[in-house]
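Each remark here refers to the structure printed beneath this line.
The values are calculated or read from the model by the stated rules, or taken from the named source; none is laboratory data. Quantities reported herein were computed from a predicted structural model and do not represent experimental measurements. All Cβ positions, glycine included, derive from the backbone under ideal geometry; neighbour counts span all protein chains shown.
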Amino acid sequence: MSRKIAVIGAGQAGLICAIGLLDQGHEVTLYSDRTASNWLNDVPPTGLNGIQHASAQIERRYGLDYWGSEPEAVGIDLTLVADGQPGPRLIGRAAGPIQVVDLRLKCSRWMEEFETRGGTLVIQSVELEQLEAIAAQHELTIVAAGKAKLMGEVFQRDPERSVYDRPQRRIAMLLVKGVDDRKFPGFKFPALKFNLFPEWGEYFWLPYFHKTGQRCYSMIFEAKPGGPMDLFDDCRSGAEAVEVGKQFVRQHAPWELEACENMELMDEMGWLKGGFPPTVRHPVGRLPSGAIVTPLGDTAMAFDPVGGQGGNNGIHMTQNLLEQVQANGDAPFDEQWMTNTFERHWQNFGRAAYSFNNKLLEPLEPALASVVMAAAKNTAIADDFVSRFDSPNRFFPWIEDMELAQQHLAQFAS
Ligand SMILES: Cc1cc2nc3c(=O)[nH]c(=O)nc-3n(C[C@H](O)[C@H](O)[C@H](O)COP(=O)(O)OP(=O)(O)OC[C@H]3O[C@@H](n4cnc5c(N)ncnc54)[C@H](O)[C@@H]3O)c2cc1C
């Protein structure tokens, strides 16, 4: 049965959802505050989105994998920096390639695809008044507007699940050309390359497919507020931020300087800075009229970028929602359906992804630290550890229990 459904927000979660609903035969209207051309030409990316293999397979299911194997990180390369020197290092292969395509390219292309497949696109910034009108005209209204402030007011923060009430990191993301990854000491393969400074935060590199079709790199600083890495607040341009990033490497990670000393900003809008608290919201938003709407993607769960889980979680949440819409047949999309739909995702994926990601914001707990240290010495353990980023449920329960962690490690004893 065809249902009348509205999606607010043409980011990756909203677009996969809207296209998936069209494929199920529903009448879908997508409300976006930007056109495909705005996405491509006028804005910075909303985030980064290192897509793990399982998420890429979901995109493929809806015929949205236009970029094949463009650019891929083969795995994760994590260095613990201690006393100003590179310390233990874990290099492991992921379950499949980790892909990062510029969200500006992805979303603009998918917006065109949405219309080609018969969806109705409305370019409009949806404020509360419009949301009321949209909810009144549709059987189901899905809000995938990212971390937009208004949507945060519509969906109450879940204090128990959210854990944090303030940003844990000050974030700077730079898209840069001129990085020669083969000059990273001990280069094995293109990787999501973390440098962990236990007191200061982290910075990491990830190969990136830029909207112009060029391969480049993204560099992300995750600074503990007020610490020596928290340097980007005063930057007024991306070029300035790149110089600050380079200076940080020069001073605190000089072994990486040869690989990046010629780096330059990719495009004027190719950078971001700021911070937000990781947040889980209630799955039912009640509007002043009493109408209800449900959140998706970052609107429902906003992750700190530290573990590269936010976008992946949004894709899995979208797949879950699509399955639940289909299973609902012609029954109403009521409060119970919205709650059950979110709970299903929370139980199957969201809780583990969020909990694992939050653990990376804290000093490593003993069980997790013991596995990371073992992985730094043993490739099989490293490959196994890194492959679990794809489906974070597989980190539990041993990640939280020293005895279970030791049992887990015993499997690799020869
Ligand atoms: C620095 C950084 C690095 C990251 N790294 C990773 C990573 O490696 N792996 C990973 O999986 N995730 C990562 N993430 C997270 C990932 O980028 C996000 O989770 C994901 O892009 C969110 O997608 P979304 O569709 O939910 O929201 P968004 O991408 O924010 O899209 C929301 C859309 O809604 C539109 N909108 C907003 N308000 C309105 C309105 N009122 N009316 C109409 N439209 C509206 C916006 O313009 C936008 O187009 C990272 C994030 C950051 C910031």
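Filter the range 134-160 for residues that are surrounded by 13 or more Cβ atoms within 10 Å (Cβ to Cβ) and of a type in the set (Gly, Ala, Ser); which is nearest to the chain's Cα centre (by Cα)?
Only one residue fits best here, namely 146.
Within the range 300-327, how many residues turn out to be touching a residue at least 60 places away in the same chain (Cβ under 8 Å), more than 6 Å from the ligand (Cβ to nearest atom) and assigned to a helix (DSSP H, G or I)?
11
Just the residues that are within 12 Å of the ligand (Cβ to nearest atom) and at positive phi, please, taken from the range 77-105.
Those that are within 12 Å of the ligand (Cβ to nearest atom) and at positive phi: none in the range 77-105.
Only one of (1) outside any loop (DSSP other than H, G, I, E, B); (2) among the hydrophobic types (A, V, I, L, M, F, W, C); (3) near the ligand (Cβ under 10 Å from one of its atoms); (4) under 19 Å from the mean Cα position of the chain (by Cα) fails for residue 74. Which number is that?
Evaluating residue 74 over (1) outside any loop (DSSP other than H, G, I, E, B); (2) among the hydrophobic types (A, V, I, L, M, F, W, C); (3) near the ligand (Cβ under 10 Å from one of its atoms); (4) under 19 Å from the mean Cα position of the chain (by Cα) leaves (3) as the failure.
For the range 362-414: of the residues being among the basic types (Lys, Arg) and surrounded by fewer than 17 Cβ atoms within 10 Å (Cβ to Cβ), which is nearest to the chain's Cα centre (by Cα)?
Filtering the range 362-414 for residues that are among the basic types (Lys, Arg) and surrounded by fewer than 17 Cβ atoms within 10 Å (Cβ to Cβ), the one nearest to the chain's Cα centre (by Cα) comes out as 394.
Since residue 15 meets every condition but one in (1) within 11 Å of the ligand (Cβ to nearest atom); (2) closer than 30 Å to residue 369 by Cβ, which condition does it not meet?
Tallying (1) within 11 Å of the ligand (Cβ to nearest atom); (2) closer than 30 Å to residue 369 by Cβ, residue 15 fails exactly one: (2).
How about the range 18-42: which of its residues are within 15 Å of the ligand (Cβ to nearest atom) and assigned to a loop (DSSP other than H, G, I, E, B)?
Listed by number, the residues that qualify are 33, 34, 35, 42.
Scan the range 201-256 for residues that are touching a residue at least 24 places away in the same chain (Cβ under 8 Å) and aromatic (Phe, Trp, Tyr) and jot them down.
203, 205, 208, 209, 217, 221, 232, 248, 255
Does residue 157 meet the test of being away from the ligand (no atom under 15 Å from the Cβ) and in contact with a Leu (Cβ under 9 Å, 6 or more places away or on another chain)?
no
Regarding the range 66-80, can at least one residue be identified that is touching a strand residue (DSSP E or B) at 6+ places or on another chain (Cβ under 6 Å), within 17 Å of residue 211 (Cβ to Cβ) and among the charged types (D, E, K, R)?
Yes, the range 66-80 contains at least one residue that is touching a strand residue (DSSP E or B) at 6+ places or on another chain (Cβ under 6 Å), within 17 Å of residue 211 (Cβ to Cβ) and among the charged types (D, E, K, R).
Considering (1) touching a strand residue (DSSP E or B) at 6+ places or on another chain (Cβ under 6 Å); (2) assigned to a helix (DSSP H, G or I); (3) within 25 Å of residue 129 (Cβ to Cβ), say which one residue 239 fails and leave the rest.
The number of the failed condition is (3).
What's the number of the condition residue 187 fails, among (1) assigned to a helix (DSSP H, G or I); (2) free of Cβ contacts under 8 Å to residues at least 12 places away in the same chain; (3) more than 16 Å from the ligand (Cβ to nearest atom)?
The number of the failed condition is (1).
What is the one condition in (1) closer than 22 Å to residue 317 by Cα; (2) outside the structural domain of residue 328 (by TED's automatic domain parsing); (3) within 15 Å of the ligand (Cβ to nearest atom) that residue 61 does not satisfy?
Among (1) closer than 22 Å to residue 317 by Cα; (2) outside the structural domain of residue 328 (by TED's automatic domain parsing); (3) within 15 Å of the ligand (Cβ to nearest atom), residue 61 violates only (3).
For the range 221-255, which positions are of a type in the set (A, V, I, L, M) and in contact with a His (Cβ under 9 Å, 6 or more places away or on another chain)?
Selection gives 229 alone.
Say whether the condition of being surrounded by fewer than 15 Cβ atoms within 10 Å (Cβ to Cβ), within 14 Å of the ligand (Cβ to nearest atom) and assigned to a loop (DSSP other than H, G, I, E, B) is met by at least one residue in the range 161-178.
Checked the range 161-178: at least one residue is surrounded by fewer than 15 Cβ atoms within 10 Å (Cβ to Cβ), within 14 Å of the ligand (Cβ to nearest atom) and assigned to a loop (DSSP other than H, G, I, E, B).
With respect to residue 46, is the statement that it is surrounded by fewer than 22 Cβ atoms within 10 Å (Cβ to Cβ), within 13 Å of the ligand (Cβ to nearest atom) and more than 21 Å from the chain's Cα centre (by Cα) true?
Considered against the rule, which asks whether it is surrounded by fewer than 22 Cβ atoms within 10 Å (Cβ to Cβ), within 13 Å of the ligand (Cβ to nearest atom) and more than 21 Å from the chain's Cα centre (by Cα), residue 46 comes out as no.
It is to be established whether one or more residues within the range 84-102 are part of a loop (DSSP other than H, G, I, E, B) and in contact with a Lys or Arg (Cβ under 9 Å, 6 or more places away or on another chain).
There is at least one residue in the range 84-102 that is part of a loop (DSSP other than H, G, I, E, B) and in contact with a Lys or Arg (Cβ under 9 Å, 6 or more places away or on another chain).
Taking interchain pairs and intrachain pairs at least six residues apart, which have beta carbon atoms under 9 angstrom, with the first residue in the range 140-152 and in contact (Cβ under 8 Å) with a residue 12 or more places away in the chain and of a type in the set (Ser, Thr, Tyr) and the second part of a helix (DSSP H, G or I) and near the ligand (Cβ under 9 Å from one of its atoms)?
141/131
What residue, of 167, 159, is touching a Pro at 6+ places or on another chain (Cβ under 7 Å) and of a type outside the set (Phe, Trp, Tyr)?
From the options 167, 159, the qualifying one is 167.
Give just the number: which of (1) under 26 Å from residue 195 (Cα atoms); (2) part of a helix (DSSP H, G or I); (3) without any contact (Cβ under 8 Å) to a residue 40 or more places away in the chain does residue 345 not satisfy?
Status for residue 345: all satisfied but (1).
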